[in-house]
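Written below as structure tokens is the structure these notes are about.
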Amino acid sequence: AVLWDSPSPNRRYSRAARTTTNSPTMYWYTASGGGLILVVLLLRRRLTASSDGASKAALPQSTLREDVASVRQWFANLIGPTLRGRPACKPTMPAVIPTVVEELKQVMDGELSWTFVDCGCGQGTMLQPMRNATVDGRRLFQRVVGVELDPATHREAVAAHNDPAIEVVCGDMFPFVDKLCAGDDILGGCAVFYIYEPLWMANLPAEEMRRLYGGLLDAVARHPGSVIAYCSADAYREIGASLLEEKGLVLRRAVKVAQNGAFNKLRGVYNPLEFWQVPRISTPPTSESL
């Protein structure tokens with residue numbers, strides 16, 4: 001079975017995986033599929049090269065090199081692990097990370113100490129770039145934390161990072177967030193919780209999904225200023241906007257990104273990336289200040 005992120009450390013949802021071998025034939029089919037997609041991509045780019053630029057201005061733009069890299073990464077993280085009998089990953093595309101950083105700069109209070117938490121971090125694609133992110137010459141985040149359920153994937157993420165300000169935790173993201181938010185502040189300040197459909201293959205009922213994310217949002221909502229950076233799939237959402245609003249968060253920013261890289265461009269459908277913030281508590285003026 002292939003293990004996916006789960007709502008409980010004692011319950012792992014699994015999806016039956018077809019038995020595969022590392023045969024040359026299987027790899028040949030995989031390579032051929034990737035080659036065919038690249039051919040289609042090149043044809044599409046040629047056919048759409050003369051389209052109206054104004055109509056594309058609001059959509060994510062990419063170079064041919066970035067498109068090719070996205071196809072390669074898609075196969076490396078989804079197809080490759082499955083062929084080896086390992087859990088597939090659904091990483092944030094490197095081309096999306098600068099957009100996440102720039103949008104966060106618009107909603108974060110620079111005077112506070114901030115922690116970035118990647119809920120379901122996989123191999124940790126987001127961690128080092130978020131640690132390296134700066135604003136006005138200083139680091140955007142003082143601490144970066146990745147939470148990954150699968151032990152083997154967790155070990156890969158740990159091996160890929162040696163920055164002491166980056167921590168990779170092996171465990172369930174829901175109790176982790178609940179514990180992190182239990183105090184008066186989050187590691188001395190506020191936090192950004194990045195969520196990109198970590199339960200995408202858990203096959204959970206909608207009611208259970210709402211219960212799990214409702215509890216996570218309740219925990220985060222105790223900390224004014226903290227942010228949920230939520231990127232949904234292009235066809236469905238794990239966290240409905242109504243649930244975020246019900247828990248008191250406010251939508252501050254929203255853009256479209258290509259989490260599937262060239263495949264978004266081929267389909268003409270992109271991923272919503274939203275930034276929901278816990279409202280800050282305004283202190284009423286005192287008689288001395290009037």
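The values are calculated or read from the model by the stated rules, or taken from the named source; none is laboratory data. Predicted model only: the values in this text are computed from it and were never measured. Reconstructed Cβ throughout: ideal geometry from the backbone, glycine too, with neighbour counts over all protein chains shown. The protein model used for the area step is the full one, side chains on, heavy atoms only, and it has no ligands, DNA or RNA in it. Shrake-Rupley method; radii C 1.70, N 1.55, O 1.52, S 1.80 Å.
3J(HN,Hα) couplings calculated from phi for region 157-170 with the Karplus curve 6.51 cos²θ - 1.76 cosθ + 1.60 (θ = phi - 60°) are, in sequence order, 5, 5, 5, 7, 10, 10, 6, x, 8, 10, 10, 10, 9, 9 Hz; Gly and Pro show x.
Surface composition of region 181-290: carbon and sulfur atoms hold 54% of the protein heavy-atom accessible area at a 1.4 Å probe. In this structure the amide hydrogen of VAL192, modeled in the peptide plane, comes within under 5 Å of the amide hydrogens of THR115, PHE116, VAL117, VAL227, none closer than 5 places in sequence on its chain.
Taking θ as phi - 60° and the Karplus parameters 6.51, -1.76 and 1.60, the scalar couplings of region 223-232 work out to 10, x, x, 5, 10, 9, 9, 10, 10, 9 Hz in sequence order, x denoting glycine and proline. Taking the Cβ of ARG222 as the centre, find all other residues whose Cβ is under 11 Å away and add up their charges (Lys, Arg: +1; Asp, Glu: -1). Every neighbour counted, the sum reads -3.
For LYS247, which lysines qualify as cross-link partners when the Cα separation must be under 22 Å and same-chain residues fewer than eight apart are set aside? Within the straight-line limit of under 22 Å, LYS247 reaches these lysines: LYS179. Ignoring aspartates and glutamates fewer than eight residues from LYS265 along the same chain, the ones with Cα atoms less than 18 angstrom from its Cα are ASP52, GLU66, ASP67, ASP234. For region 124-169, a/c is not less than 1.5, where a ≥ b ≥ c are the root eigenvalues of the C-alpha gyration tensor, and a/b tops b/c. That puts it in the prolate class. Amide hydrogen proximity for CYS181: with H placed 1.01 Å from N in the peptide plane, no residue at 5 or more positions away or on another chain lies under 5 Å. For GLU167, the residues whose amide H sits under 5 Å from its own are VAL144, VAL145, GLY146, ignoring neighbours fewer than 5 places away on the same chain, with H placed 1.01 Å from N. Using C-alpha pairs under 8 Å with a sequence gap of at least 6, the mean separation divided by the residue count of region 94-144 gives a relative contact order of 39 percent.
Would you work out if region 124-279 is rounded, prolate or oblate? Take a ≥ b ≥ c from the square roots of the eigenvalues of the alpha-carbon gyration tensor; rounded if a/c is under 1.5, else prolate when a/b is larger than b/c, oblate otherwise. Here region 124-279 falls in the rounded category.
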